[in-house]
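The values are calculated or read from the model by the stated rules, or taken from the named source; none is laboratory data. Keep in mind the model is a prediction, meaning the values are calculated, not measured. Cβ atoms come from the backbone with ideal geometry, glycine included; neighbour counts cover every protein chain shown.
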Amino acid sequence: MPADQTRDTRARTNPRALNPYTLGGSAAEMYEQNMVPAIFEPFANDLLDFADLKKGESVLDVACGTGVVARLAWSKVAPTGRVAGLDVNTEMLEVARIASRQQGMDINCVEGDVSKMPFDSGAFDVVLCQHGLQYFPDRSAALNDMHRVLSDRGRIVLNVWRPISFNAGHLVFAEVLHRRGRRGSCGDKACAIQVVRSRRFAHSSMVPDITMSSSASQRALLDLHLRER
């Protein structure tokens with residue numbers, strides 16, 4: 001069967017087959033086991049340090065994936081605060097739910113569209129987004145809805161990748177993903193500032209930073225980057 005026909009068949013039986021950011025259950029587990037401790041937990045710790053969460057605050061983690069940011073946030077705002085996570089990916093959310101339950105954390109993991117989030121206006125003191133903005137199809141709509149769910153004095157804290165020249169270790173991955181039509185960008189500093197400042201936020205600032213990551217299994221990281229469903 002031709003590749004295009006196979007892809008069309010998969011899309012009819014599973015609409016998520018065409019979503020390049022959707023991972024199967026085993027891939028979501030691999031992400032949590034390999035990518036999170038090697039790459040995303042160090043970034044999450046930096047993000048939370050910058051956010052300076054307080055006990056009792058209500059926090060939303062947008063594009064929460066398997067929930068590492070949400071879990072770290074919960075440990076800072078509990079027991080009087082609350083944390084919710086939102087993602088488009090069912091399988092990633094299920095891993096997030098399991099991980100939070102195993103750690104005794106009451107985190108509300110919700111599937112939804114970042115541009116039309118199922119939360120009341122002004123519901124959160126803080127909105128966090130780790131490495132998600134560059135992948136949103138409509139960044140302006142996403143930031144508008146993040147702004148909507150913030151309380152009057154709320155704040156949004158997000159991080160995005162810098163240009164590939166600052167991420168030489170990911171250059172090969174980026175080239176392969178680009179050939180497969182999978183890419184995201186928001187690494188240009190001026191572009192990122194312009195996007196954020198255009199969304200009605202009263203104050204904004206950007207801090208460039210370098211975070212080191214390591215992994216005991218480079219093969220696992222490579223398999224996850226290149227894995228096809």
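If I filter the range 83-97 for residues that are touching a residue at least 12 places away in the same chain (Cβ under 8 Å), closer than 20 Å to Glu57 by Cα and of a type in the set (Asp, Glu), do I get at least one hit? Looking through the range 83-97, none of the residues is touching a residue at least 12 places away in the same chain (Cβ under 8 Å), closer than 20 Å to Glu57 by Cα and of a type in the set (Asp, Glu). A Cβ distance below 7 Å, combined with a sequence gap of six or more or placement on separate chains, defines the contacts here; from the range 141-156, residues that are closer than 13 Å to Phe119 by Cβ and in contact (Cβ under 8 Å) with a residue 24 or more places away in the chain reach residues that are of a type outside the set (A, V, I, L, M) and part of a strand (DSSP E or B) in the pairs Val149/Phe124; Leu150/Phe124; Ser151/Phe124; Ser151/Asp125; Gly154/Phe124; Gly154/Asp125. Taking the criterion of being surrounded by 24 or more Cβ atoms within 10 Å (Cβ to Cβ) and part of a loop (DSSP other than H, G, I, E, B), the residues of the range 64-93 that qualify are Cys64, Gly65, Thr66, Gly67. When the range 72-83 is filtered for residues that are in contact with an Asp or Glu (Cβ under 7 Å, 6 or more places away or on another chain) and either modelled with pLDDT under 95 or not β-branched (Val, Ile, Thr) (or both), the ones remaining, listed by number, are Ala73, Gly81. With the condition kept exactly as written, say whether any residue in the range 181-190 is within 24 Å of Ile39 (Cα to Cα), exposed (fewer than 13 other Cβ atoms within 10 Å of the Cβ) and modelled with pLDDT of 70 or more. No.
For the range 23-63, which positions are small (Gly, Ala, Ser), assigned to a helix (DSSP H, G or I) and either on the phi > 0 side of the Ramachandran plot or modelled with pLDDT under 90 (or both)? Break it down stepwise before answering.
Looking only at the range 23-63, we keep the residues that are small (Gly, Ala, Ser), and these are 24-28, 38, 44, 51, 56, 58, 63.
In the following step, the residues that additionally are assigned to a helix (DSSP H, G or I) were identified as 25-28, 38, 44, 51.
Gly25, Ser26, Ala27, Ala28, Ala38 - these are the residues of the range 23-63 that are small (Gly, Ala, Ser), assigned to a helix (DSSP H, G or I) and either on the phi > 0 side of the Ramachandran plot or modelled with pLDDT under 90 (or both).
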